[in-house]
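Note sheet for the following structure.
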Amino acid sequence: MKFTLIAAVVLLALAQGSFAQDANLDIVKYFEDFRTKLTQDMATLVGNPELATQTENFLQEKKTQLEPLAAKIQEQVKTVAANAQAQFQPMMESLQTQMEDFFQRLTEQARAIAN
C-alpha cells in the first residue's frame, strides 16, 4: 500500500512537470507569434504611403497654425531684450567707469611705488 501511494505521488509529480513544460512551451510560442505579428503590423503601418501623407499633412497644418504664435513670441522676446538692455546699460556704463577709475588709481599707485 505504501509503495502504491509513493508510486502514485511520483507519477503525479512527473505528470505535473510534463504539463508545466508543455505550458512553458505554449507560452514561448505565444510570445514568438505575438512578436512576429507585431513586427509585421508595424512594418505594414510604417510602409503605408497613406500614413506618410497624413503625417505630412498634419505636420504642415500644425506648422501653419504655429507660425503666427512664433512671430508673436519672437516680438515679445525682442521687447523684453530691449527693456533689459535699457535697464542694464546705465549699470554697465557705471561699472565700466568705476573699473577705469580703479585701474587708473592702481596704475598711479604702482608708479608711485616704482619711483
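If you go through the stretch 1-37 and keep only what is open to solvent by 90 Å² or more (accessible area, probe 1.4 Å) and modelled with pLDDT of 75 or more, you end up with Lys29, Tyr30, Phe31, Glu32, Phe34, Arg35, Lys37. Residue-level check: of (1) open to solvent by less than 80 Å² (accessible area, probe 1.4 Å); (2) more than 31 Å from the chain's Cα centre (by Cα), Gln85 misses just (1).
Yes or no, residue by residue, for (1) surrounded by 10 or more Cβ atoms within 10 Å (Cβ to Cβ); (2) at pLDDT below 90:
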{"site": "Ala43", "(1), (2)": "yes, yes"}
{"site": "Ala52", "(1), (2)": "yes, yes"}
{"site": "Gln60", "(1), (2)": "yes, no"}
{"site": "Leu66", "(1), (2)": "yes, yes"}
{"site": "Ala71", "(1), (2)": "yes, yes"}
{"site": "Asp101", "(1), (2)": "yes, no"}
{"site": "Asn115", "(1), (2)": "no, yes"}
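The values are calculated or read from the model by the stated rules, or taken from the named source; none is laboratory data. This structure is a prediction, so every number in the text was calculated from the model and none was measured. When we count neighbours, we look across all protein chains shown, and the Cβ atoms used for this are built from the backbone with ideal geometry, even at glycine. For the accessible areas, the whole protein counts, side chains as well, though only heavy atoms, and no ligand, DNA or RNA atoms are used. Shrake-Rupley method; radii C 1.70, N 1.55, O 1.52, S 1.80 Å.
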